1. Output the number of residues of region A:187-210 satisfying the condition of being crowded, with 21+ Cβ neighbours inside 10 Å, β-branched (Val, Ile, Thr) and more than 13 Å from the chain's Cα centre (by Cα).
2. Which pairs turn up if I take residues in region A:74-103 that are among the basic types (Lys, Arg) and look for partners that are at pLDDT below 95 with beta carbon separation below 6 Å, at least 6 apart in sequence or on another chain?
3. Among the residues of region A:125-155, count how many are outside any helix (DSSP H, G or I) and within 13 Å of chain B (Cβ to nearest Cβ).
4. For region B:229-249, which residues satisfy the criterion of being among the hydroxyl-bearing types (Ser, Thr, Tyr) and open to solvent by 60 Å² or more (accessible area, probe 1.4 Å)?
5. Scanning for something in contact with a helix residue (DSSP H, G or I) (Cβ under 8 Å, 6 or more places away or on another chain), aromatic (Phe, Trp, Tyr), open to solvent by less than 50 Å² (accessible area, probe 1.4 Å) and in contact (Cβ under 8 Å) with a residue 40 or more places away in the chain, does region A:109-119 turn up at least one residue?
6. Can you find even one residue in region B:160-182 that is at pLDDT below 95, out of contact with any helix residue (DSSP H, G or I) (no Cβ under 7 Å at 6 or more places or on another chain) and either more than 14 Å from every other protein chain (Cβ to nearest Cβ) or open to solvent by less than 10 Å² (accessible area, probe 1.4 Å) (or both)?
7. Considering each of B:Tyr82, B:Tyr94 in turn, give the residue that is more than 24 Å from B:Gly206 (Cβ to Cβ) and at pLDDT 95 or above.
8. I'm told A:Ser164 meets every condition in (1) modelled with pLDDT under 90; (2) more than 14 Å from chain B (Cβ to nearest Cβ) except one. Can you identify the failing condition by its number?
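The values are calculated or read from the model by the stated rules, or taken from the named source; none is laboratory data. Predicted model only: the values in this text are computed from it and were never measured. Glycine gets a Cβ as well: all are built from the backbone with ideal geometry, and neighbour counts include every protein chain shown. Keep in mind that these areas ignore ligands, DNA and RNA; they rest on the heavy atoms of the full protein, side chains included. Shrake-Rupley method; radii C 1.70, N 1.55, O 1.52, S 1.80 Å.
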Amino acid sequence: MPLRVAGVSKTFAASDGASVQALDDVSLEVRDGEFVSLIGPSGCGKSTLFQIIGGLLQGDRGTVAVDGNALNGSRRDIGMVFQEESTFPWRTVLDNVAFPLELAGLGKAEREERARRFVRLVGLDGFERKFPDELSGGMRQRTAIARTLAFEPRILLMDEPFASLDEQTRILLGDKILQIWRELKQTTLLITHNITEAVQLSDRVAVMTYRPGRIKRIVEIDLPRPRSSEIIASAEFGRYVGLLWQDLREEASRGMADAERTTA
Amino acid sequence: MRRGAGPVLAGLAAVAGLAVALEMAVAAGLIGGFVVAPPTAIAGAMPKLLFEEGVGRAFLVTFASTFSASALAALVGIPAGYLLYRHAWLGRAYENWIAALFSAPLILLYPMFLVIFGRSPAVCVAMGFLVGVIPVILKTREGFLGARPVLVNVARSFGAGEAEILRKVLLPAARPAIFTGLRLCLIYAMINVVGIEFLANLGGLGFLVGEMFDRYDIPAMYAALICLVLTSTLFYALTGRAERWLGGR
């Protein structure tokens, strides 16, 4: 199994001295070439799980394994795309994409050639010499995705990469992600709170509970491939969205009630 | 991004406009010629400064002292600022004290430095360093603190070690703030270097300004002041070039 998350738990100490359990015994598997989304309400520990899988945070219990090898610390096999704007503003698009190759010690000519391939893949050819502040938010996120893909990771791990974009751009970028996924056959785990995005892109969607985060249910998305955003108009698509919302509604309501209690 | 000649021409036009206005104001008697020399008289005094008063050598002395003081301040201040960032408790313990020193009139310590170093350019370098290192420390720390954590996480996710994170993420992210600190350092260092040259007759442009004033050669004094402004402009341009050379935009 390319990615196996087994029994991961994490508890944080709150500022008032109490402890908050963010994750409780989370287990999940992603098969070779599969696109899996992890969906949950705000505060369910999605980003904590993202950091634990990516090796930026240590879980209290449980393991993360790639191809059967349990991993510790930062993972060469897992490429992360972050929710926040994460391009280096002092580097051009090409230099941003070449960054992991530079760390790997590749020569300038080789890393530029490889970086150009991934710039083309995300549809940014012609923008290689632009700086991030000369690009739109969607183009900056595509640069970040190209940079992670240039790392050629076994697993692509994305944490709400389009969260800051408007709905239409997000749907269109979903098409781009599907095209890249088809081309690279990249095993992908997407963390999101957006149901439409999860259904549009995924083979399976894992629903998380509100705090502590657990896997509540895994839904197989049996929609035809290759897909495009046009599938959003189909009745089947609507059925999956409705099904997932039924699961999420209860969790999101718990989250909202908790937030209101805390701020009261 | 292409830098046009427009801004340079606009700057020169403003200086020329001010010079014409000053010339007319002095000629009309609105400003006393004993206090402010007209620009034509200042320009006329330039050859004298160049060929009789050794302004070239004075420039070199002031330039060397200011440059040495600032280079030392950068060598000490940037690592110190990084330490204050890296060890948060150090930052909390010392930031206020360092900021308080910044507002203290440190130039008044010059007699002590004269006693320590004797009447030599080392006094100017030491004083310039003392006032210049403070903004470098404070702005460097500010720059590192302003680096967004997600950029560090990106590098870490690609397996970068601490040294690579410092070199490829933190330093470039902090570069604009560090250069702001270096520009402030140059300004304060030069003010102090010139001040000490003036007060302790230690040569350089500061001494030349004082010498011309003592002789009551007002046009030559203003000409020496203009040389000071040009030196400062040169430093500013050099800093900008250094920043671009290091990858700034």
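1. 3
2. From region A:74-103, the pairs are A:Arg75/A:Gly55; A:Arg76/B:Gly159.
3. Filtering region A:125-155 down to residues outside any helix (DSSP H, G or I) leaves A:125-131, A:135-136, A:151-155.
Adding the requirement that they be within 13 Å of chain B (Cβ to nearest Cβ) leaves A:129-131, A:151-153, A:155.
Qualifying residue count for the region: 7.
4. Of everything in region B:229-249, those that are among the hydroxyl-bearing types (Ser, Thr, Tyr) and open to solvent by 60 Å² or more (accessible area, probe 1.4 Å) turn out to be B:Thr233, B:Tyr236.
5. no
6. no
7. Values: B:Tyr94 fails: at pLDDT 95 or above.
After ruling out the rest, the residue left standing is B:Tyr82.
8. Every condition holds for A:Ser164 apart from (2).
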